[in-house]
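What follows is one structure encoded as structure tokens, with my remarks underneath.
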Amino acid sequence: MSKKSTYVPAKVWKWNAESGGRFAAINRPIAGATNEKELPVGKHPFQLYSLGTPNGVKVTIMFEELLAAGHKGAEYDAWLINILDGDQFGSGFVEVNPNSKIPALMDRSGQETNKTPQRIFESGAMLLYLADKFGAFLPNDPGVRTEALSWLFWQMGSAPMLGGGFGHFYAYAPEKYEYPIDRYAMEVKRQLDVLDRQLADNKYIAGDTYTIADMAIWPWYGVLAIGDLYSAQEYLDVKSYKNVQRWAKMIDARPAVKRGKMVNRTWGDEDEQVPERH
Ligand SMILES: N[C@@H](CCC(=O)N[C@@H](CS)C(=O)NCC(=O)O)C(=O)O
């Protein structure tokens with residue numbers, strides 16, 4: 001157990017901009033734009049404003065899978081949004097995503113017929129929008145579709161425990177605090193066990209078919225299992241989740257996944273970085 005803390009929360013919370021931690025400089029308690037900045041627009045039907053983090057990679061994998069499957073209408077420009085420089089607070093970005101988080105997407109297809117561009121924010125909404133638009137990676141069978149959507153929404157609800165909870169306190173907080181690390185490690189291990197049991201009887205997350213549920217879950221839990229997310233492999237004993245291991249390696253071997261995970265990436269091996277894609 002941790003020692004008893006002497007910290008007592010104030011009566012009313014006040015913003016301490018100097019609180020430390022890796023993202024202290026960009027995190028704010030207020031929404032909205034801080035500066036006027038238009039977003040660039042390229043020649044392709046889709047304009048993606050993003051960064052190669054797990055939430056961004058979900059969408060670049062989907063675009064690369066669509067293109068690999070022959071959907072030429074899925075051509076996209078992927079512009080780099082540097083969240084550590086605060087690009088997500090520019091006025092143009094906030095118009096596409098009022099929540100100021102990557103990824104943000106504009107569907108500008110149909111410009112020749114004066115169709116109003118469509119904004120989409122939240123990575124899960126993007127996967128669903130693209131799956132419906134192209135009739136791909138989300139089977140029509142109501143049972144399979146519902147199962148895939150259940151797992152897609154499971155991911156959207158669960159990953160903040162892994163990223164904002166475990167990852168933040170294990171890797172980014174200014175000090176190591178036992179209580180939150182312990183609490184979130186337990187929850188992440190429970191989530192890995194949920195996936196491991198599902199993948200014991202299923203080739204892919206939602207059954208026999210590769211769907212947007214795999215694309216949503218892999219960049220978080222797949223990369224945690226076989227990659228270097230938060231350098232926590234040993235701490236979380238990720239190798240013990242055998243079915244997650246099998247599935248994560250299978251998804252990782254897909255050529256479209258290999259391409260998708262490099263787009264908007266600006267760290268790691270140079271030959272695995274494609275900062276922008278046009
Ligand atoms: N639920 C959102 C989460 C997006 C998100 O948290 N994006 C992070 C990077 S992975 C971000 O842009 N952070 C910048 C900030 O918090 O200012 C989604 O899935 O699209």
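The values are calculated or read from the model by the stated rules, or taken from the named source; none is laboratory data. Since we're looking at a predicted model, the values are computed, not measured. Glycine gets a Cβ as well: all are built from the backbone with ideal geometry, and neighbour counts include every protein chain shown.
Could you list all residues from the stretch 233-260 that are farther than 22 Å from M62 by Cβ and not aliphatic (A, V, I, L, M)?
Selection gives Q233, E234, Y235, D237, K239, S240, Y241, K242, N243, Q245, R246.
In the stretch 261-278, what residues are closer than 16 Å to I226 by Cβ and surrounded by 18 or more Cβ atoms within 10 Å (Cβ to Cβ)? K261, the sole residue that qualifies.
Suppose the filter is on the phi > 0 side of the Ramachandran plot, acidic (D, E), surrounded by 14 or more Cβ atoms within 10 Å (Cβ to Cβ) and within 16 Å of the ligand (Cβ to nearest atom); does E122 pass it?
Working: on the phi > 0 side of the Ramachandran plot: yes; acidic (D, E): yes; surrounded by 14 or more Cβ atoms within 10 Å (Cβ to Cβ): yes; within 16 Å of the ligand (Cβ to nearest atom): yes.
Criteria met by E122.
Candidates E95, E65, E75: the one that is modelled with pLDDT of 95 or more, more than 10 Å from the ligand (Cβ to nearest atom), surrounded by 19 or more Cβ atoms within 10 Å (Cβ to Cβ) and among the charged types (D, E, K, R) is E65. On the basis of being among the small types (G, A, S), surrounded by 18 or more Cβ atoms within 10 Å (Cβ to Cβ) and within 26 Å of A131 (Cβ to Cβ), does A256 make the cut? For A256, the condition - among the small types (G, A, S), surrounded by 18 or more Cβ atoms within 10 Å (Cβ to Cβ) and within 26 Å of A131 (Cβ to Cβ) - is met. Counting only residues that are polar (S, T, N, Q) and in contact with a strand residue (DSSP E or B) (Cβ under 8 Å, 6 or more places away or on another chain), the stretch 235-276 holds 2 of them.
Would you check which residues across the stretch 98-119 are small (G, A, S) and either in contact with a His (Cβ under 8 Å, 6 or more places away or on another chain) or surrounded by 14 or more Cβ atoms within 10 Å (Cβ to Cβ) (or both) and list them? Lay out the reasoning, then the answer.
Kept after step one, since they are small (G, A, S), are these residues of the stretch 98-119: 100, 104, 109-110.
Within the stretch 98-119, S100, A104, S109 meet the criteria.
Among the numbered conditions (1) surrounded by fewer than 18 Cβ atoms within 10 Å (Cβ to Cβ); (2) more than 10 Å from the ligand (Cβ to nearest atom), the only one that P160 does not meet is (2).
Residues in the stretch 160-210 that are of a type in the set (F, W, Y) and touching a residue at least 40 places away in the same chain (Cβ under 8 Å): F166, Y170, Y172, Y177, Y179, Y204, Y210. One residue stands out among those in the stretch 26-62 that are within 10 Å of the ligand (Cβ to nearest atom) and basic (K, R): the one that is surrounded by the fewest Cβ atoms within 10 Å (Cβ to Cβ), which is R28.
In the set (1) of a type in the set (S, T, N, Q); (2) modelled with pLDDT under 95; (3) buried (at least 16 other Cβ atoms within 10 Å of the Cβ), the condition left unmet by T6 is number (3).
Within the stretch 194-250, the set of residues being surrounded by fewer than 20 Cβ atoms within 10 Å (Cβ to Cβ) and closer than 17 Å to F153 by Cβ comprises V194, Y204, G207. Take V12 and decide whether it is loosely packed, with under 10 Cβ neighbours inside 10 Å, more than 15 Å from the ligand (Cβ to nearest atom), in a loop (DSSP other than H, G, I, E, B) and β-branched (V, I, T). Criteria met by V12.
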